[in-house]
Amino acid sequence: MLVHRPTYLKTISRSQRTHQTGASLLEVLIAILIMSFGITGVALLMAATIQYNKTSQYQMVGLQIATQLAESMRANTDGFMADSYAKTDTYSSNVAAASLPSCANTSACTSSEIATIDKAQVANTLRLALPGGDFNVQRNGNRADIWIMWMEPKTATSMSMGTANCRAAAISGLGDPPRCLYMRAAL
């Protein structure tokens with residue numbers, strides 16, 4: 001014999017129901033706030049990435065120009081040993097393009113004249129390739145200490161890498177110090 005047991009359904013009266021049936025306004029506002037922090041963080045990360053990429057590009061260009069200058073010195077060792085490649089001016093980002101000098105005797109340039117031409121070409125290349133590009137060269141025995149300098153673009157969150165690689169005498173008394181790339185070349 002089958003006995004049916006009655007199933008008791010739990011019935012909730014209207015007065016016993018909770019009044020929250022969806023997300024409250026406060027929860028939505030908190031979610032929007034958290035999302036805005038995340039989006040702001042991603043935007044700042046992208047801005048920093050672009051800035052680091054540009055700095056890396058400037059460093060690569062500076063390294064290529066420093067290498068080119070070192071090769072010019074290696075090709076003209078007499079001019080290098082006579083300190084014709086020495087350039088120890090104070091950095092200035094507002095220097096006009098250097099005029100390319102010519103040799104006194106057009107059939108044969110002296111090592112000093114070749115060095116002067118090489119320095120003018122490097123200075124003009126730097127001014128075109130890097131913002132406020134300039135360089136310094138100092139002879140140290142049979143080695144050349146080369147500093148390539150440029151100005152970083154102004155950004156709201158500038159990188160504080162400082163002037164650790166800069167020659168102190170080249171940047172003394174400047175308002176905004178340049179970024180420097182240092183290279184030592186043996187001849």
With the first residue restricted to the stretch 134-151 and required to be closer than 10 Å to residue 186 by Cβ, and the second required to be surrounded by fewer than 22 Cβ atoms within 10 Å (Cβ to Cβ) and of a type in the set (Val, Ile, Thr), Cβ contacts under 9 Å at 6 or more apart or on different chains are 142/77
Tell me, please, whether a residue that is at pLDDT 90 or above and crowded, with 16+ Cβ neighbours inside 10 Å can be found in the stretch 154-163.
no
Name the single residue, out of those in the stretch 91-108 being exposed (fewer than 10 other Cβ atoms within 10 Å of the Cβ) and not β-branched (Val, Ile, Thr), that is modelled with the highest pLDDT.
108
Check the stretch 40-62 and report whether any residue there is of a type in the set (Gly, Ala, Ser), closer than 15 Å to residue 149 by Cα and either within 16 Å of the chain's Cα centre (by Cα) or not in a loop (DSSP other than H, G, I, E, B) (or both).
yes
Return the residues of the stretch 79-90 that are of a type in the set (S, T, N, Q) and either exposed (fewer than 15 other Cβ atoms within 10 Å of the Cβ) or not in a loop (DSSP other than H, G, I, E, B) (or both); say none if nothing qualifies.
88, 90
Of all residues in the stretch 77-133 being touching a Leu at 6+ places or on another chain (Cβ under 7 Å) and among the hydroxyl-bearing types (Ser, Thr, Tyr), the one that is nearest to residue 169 (Cα to Cα):
91
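The values are calculated or read from the model by the stated rules, or taken from the named source; none is laboratory data. These numbers were taken from a predicted model, which means no experiment stands behind them. Positions of Cβ are generated from backbone atoms using ideal geometry, with glycine treated the same way; all protein chains shown enter the neighbour counts.
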